[in-house]
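Have a look at the structure below, then the notes.
The values are calculated or read from the model by the stated rules, or taken from the named source; none is laboratory data. All values derive from a computational prediction rather than experimental measurement. Don't worry about glycine lacking a Cβ; one is built from the backbone with ideal geometry, like all the others, and counts go over all protein chains shown. Keep in mind that these areas ignore ligands, DNA and RNA; they rest on the heavy atoms of the full protein, side chains included. Shrake-Rupley method; radii C 1.70, N 1.55, O 1.52, S 1.80 Å.
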Amino acid sequence: MSHKITKGDYGYFKKEKLRRALVTFVLFLIPLTAYFVGWAYFKTRMTIVTVIVVVGCLPACKSAVSTIMVLLRSSMDEKLYQQIRAHQGKLQMAYELYLTSYEKSGGVDAVAICGNQVVGYSTDKKADLAFLERQVQQILQQNGYGVKVKFLRELKPFLERLDSMNLHRESLEKDIKFKLDERYPDLTRDELIKHTILAISL
């Protein structure tokens, strides 16, 4: 059985481009069909149907913006993914992220979570990694996770950090106080941190 690709998985952007484009098409198709049917039936555009259609186009416009943002993103290089995947071990990982905020946004190819450490790697030369670090750390702290976030531009140090986190995983996760989230009772602390990070990604 094939693995269902979700946010945080390799190949997410490639899948999302098609999915969001289809969703946007359908969201525009429904009100436009209603508009032309109403026009044909009433022989005029000045009806309540037109008002309903205009309001109905708002979700489609929002979806169109989301689709455009995803279309501008590129999937991470497969060789890069395989390199990182080889060092992932038992770490909780997320791939192909594009972190967004009102001020700045940027791409992060991979993020690893272990205990109070969140380490990421980015090939996005335009991304302000220092800003993204602060943003992610602040959001995690607001959600009750006291973690240290570090994003790297060099692959070798990132892979070395993954190896180190795997080697010391038990000690990194030891004695960390963790209260189960009633909304997600089956998720571990690392999985909840990943879930929180994914919430601010496209």
Quiz item: Residues of the range 15-29 being more than 13 Å from Ile68 (Cβ to Cβ), charged (D, E, K, R) and surrounded by 15 or more Cβ atoms within 10 Å (Cβ to Cβ), which ones?
Solution: Lys15
Quiz item: Out of all the residues in the range 128-147, which are in contact (Cβ under 8 Å) with a residue 24 or more places away in the chain, of a type outside the set (Asp, Glu) and either in contact with a strand residue (DSSP E or B) (Cβ under 6 Å, 6 or more places away or on another chain) or farther than 22 Å from Asp190 by Cβ (or both)?
Solution: Leu129, Phe131, Leu132, Val136, Val147
Exercise. Could you list, in sequence order, all residues of the range 1-14 that are open to solvent by 60 Å² or more (accessible area, probe 1.4 Å) and either in contact (Cβ under 8 Å) with a residue 40 or more places away in the chain or over 30 Å from Met76 (Cβ atoms) (or both)?
Key: Lys7, Tyr10, Lys14
Practice problem: Report whether or not Gln141 is in a helix (DSSP H, G or I) and loosely packed, with under 15 Cβ neighbours inside 10 Å. | Solution: yes
Exercise. Return only the number of the condition from (1) touching a residue at least 60 places away in the same chain (Cβ under 8 Å); (2) in a strand (DSSP E or B) that Asp163 does not satisfy.
Key: (2)
Practice problem: From Lys104, Lys90, grab the single residue that is under 20 Å from Met165 (Cα atoms), open to solvent by 30 Å² or more (accessible area, probe 1.4 Å) and charged (D, E, K, R). | Solution: Lys90
Quiz item: From Arg189, Arg183, Arg169, which residue is surrounded by fewer than 14 Cβ atoms within 10 Å (Cβ to Cβ) and not β-branched (Val, Ile, Thr)?
Solution: Arg183
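Every residue, every condition in (1) more than 14 Å from Val23 (Cα to Cα); (2) small (Gly, Ala, Ser), yes or no:
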{"site": "Ala60", "(1), (2)": "no, yes"}
{"site": "Leu71", "(1), (2)": "no, no"}
{"site": "Tyr81", "(1), (2)": "yes, no"}
{"site": "Thr100", "(1), (2)": "yes, no"}
Quiz item: Any residue at all in the range 119-131 that is among the polar types (S, T, N, Q) and over 26 Å from Val23 (Cα atoms)?
Solution: yes
Quiz item: If a residue has to be part of a loop (DSSP other than H, G, I, E, B) and charged (D, E, K, R) to count, how many in the range 1-26 make the cut?
Solution: 3
